[in-house]
Amino acid sequence: METLIALLVGFALDLLLGDPQGFPHPVVWMGRGIAWGERQLRRCFPATPQGERLAGAALWVAMVTLSALLPALVLWGLGRCSPWLRLAAESLCCWQILAVRSLRTEAMGVYRALQTGDLAHSRTAVARIVGRDTQRLDHAGVTKAAVETVAENTCDGVVAPLVFLALGGAPLGFFYKAVNTMDSMLGYTEPPYRHFGLVPARADDAANFLPARLSALLMLAAGGLLGWPVAQGWRIFRRDRRRHASPNAGQTESVCAGLLGIQLAGDAWYHGVRHEKPTIGDPLRPVENEDIPRTCRLMTLTALLALALAVAGRALLL
């Protein structure tokens, strides 16, 4: 019951506060730990493909273990002192693990920049939330990048964390956050991460496999509640969900493209290298600025549906 209450309180805090500037965030600490561990392990293992894969695997095991074990020990210790202290701490943890408000805030920052017509400012804004090179993006490319990021992170930042929090509370939630953060930092196919980031990338694929598909179905349900063309979303989902390098990102991107009636994905540049990618969705109309707030509304309603499902599932575990 404490975990269930903490989940609800944490979700409410995320909607109300997001990620306040200057407030310490565990993901920042994870990022620093990953960067430090990478430097140390690259010195310890030979600079060969096998050596780099072993180093990446060792870093992954160390980070996910620490990320789950430390909060578990802290919550256990607080619980020994007072159940109210544990509840307060776990509520704060759940808040920090979720990213509904912050994702919407960053995407709407891109929207406001686009509304001014300042392409350079728009590229800078979208660079805060995407991993691709943004200096080559035109107006439509910036908009598509923001829409794709919100659609993909509906799983990574919302639904998947809710699933892990419902199953194992804050320790399992931080486990997932470590898996996802390592993939964001190391899971690239270009040097120097082609081999070092292999295990983190594959682990993230595995962790998100079921949540991504659940996210797509919840997104379709959210689209229905918004009065959007669910049949079209379902058709594009069935056709295009595998047209992505990631086995998971295409699930929600295809639903979003179908519901909006636009075409997403296509070729993109990463670290100066052009990657040829298939498109997702049909270009029934041009991409427009308003697609960003539309996708944010879709993400928020999907989050609420996921919360209801997580609460129901956690209640069944009691």
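Within segment 112-143, the residues that satisfy the criterion of being in contact (Cβ under 8 Å) with a residue 40 or more places away in the chain and either more than 26 Å from A216 (Cα to Cα) or in contact with an Asp or Glu (Cβ under 8 Å, 6 or more places away or on another chain) (or both) are L114, Q115, D133, R136, T143. Residues that are more than 29 Å from V9 (Cβ to Cβ) and either touching a Gly at 6+ places or on another chain (Cβ under 8 Å) or open to solvent by 40 Å² or more (accessible area, probe 1.4 Å) (or both): does segment 162-180 have at least one? No, there is no match, as no residue in segment 162-180 is more than 29 Å from V9 (Cβ to Cβ) and either touching a Gly at 6+ places or on another chain (Cβ under 8 Å) or open to solvent by 40 Å² or more (accessible area, probe 1.4 Å) (or both).
On inspection, A201 does not qualify as in a helix (DSSP H, G or I), crowded, with 24+ Cβ neighbours inside 10 Å and in contact with a helix residue (DSSP H, G or I) (Cβ under 9 Å, 6 or more places away or on another chain). When you scan segment 294-312, do you find a residue that is open to solvent by 30 Å² or more (accessible area, probe 1.4 Å), over 23 Å from L210 (Cβ atoms) and out of contact with any Pro (no Cβ under 9 Å at 6 or more places or on another chain), even just one? Within segment 294-312 (the criterion being open to solvent by 30 Å² or more (accessible area, probe 1.4 Å), over 23 Å from L210 (Cβ atoms) and out of contact with any Pro (no Cβ under 9 Å at 6 or more places or on another chain)), the answer is yes, since at least one residue qualifies. With respect to E152, determine if the residue is open to solvent by 40 Å² or more (accessible area, probe 1.4 Å), within 27 Å of L210 (Cβ to Cβ) and among the acidic types (D, E). Yes. Between L73, L103, L98, L119, the distinction of being open to solvent by 50 Å² or more (accessible area, probe 1.4 Å) and closer than 30 Å to V287 by Cα belongs to L119 only. Restrict the check to segment 78-93 and report whether at least one residue is out of contact with any helix residue (DSSP H, G or I) (no Cβ under 8 Å at 6 or more places or on another chain) and of a type in the set (D, E, K, R). Yes, some residue in segment 78-93 is out of contact with any helix residue (DSSP H, G or I) (no Cβ under 8 Å at 6 or more places or on another chain) and of a type in the set (D, E, K, R). Of all the residues in segment 103-144, those that are under 20 Å from the mean Cα position of the chain (by Cα), polar (S, T, N, Q) and not in a helix (DSSP H, G or I) number 1. No other residue among V179, V147 is part of a helix (DSSP H, G or I) and more than 30 Å from T48 (Cα to Cα) apart from V147.
Scanning segment 85-111 for residues that are under 23 Å from C155 (Cα atoms) and without any contact (Cβ under 8 Å) to a residue 24 or more places away in the chain gives E106, G109. Among the residues of segment 93-102, those identified as of a type outside the set (S, T, N, Q), under 13 Å from L16 (Cα atoms) and part of a helix (DSSP H, G or I) are W95, V100, R101.
Per the conditions (1) buried (at least 16 other Cβ atoms within 10 Å of the Cβ); (2) within 19 Å of M1 (Cβ to Cβ), the sole criterion not satisfied by C81 is (1). Would you call L226 in contact with an Asp or Glu (Cβ under 6 Å, 6 or more places away or on another chain) and under 25 Å from G109 (Cβ atoms)? Here the answer is no, as L226 does not meet what is asked.
The values are calculated or read from the model by the stated rules, or taken from the named source; none is laboratory data. Model, not experiment: these values are computed from the prediction. Heads up, the Cβs are rebuilt from the backbone with ideal geometry, glycines too, and the neighbour counts pull from every protein chain shown. We work out accessible area using only protein heavy atoms, side chains counted, and drop any ligands, DNA or RNA first. Shrake-Rupley method; radii C 1.70, N 1.55, O 1.52, S 1.80 Å.
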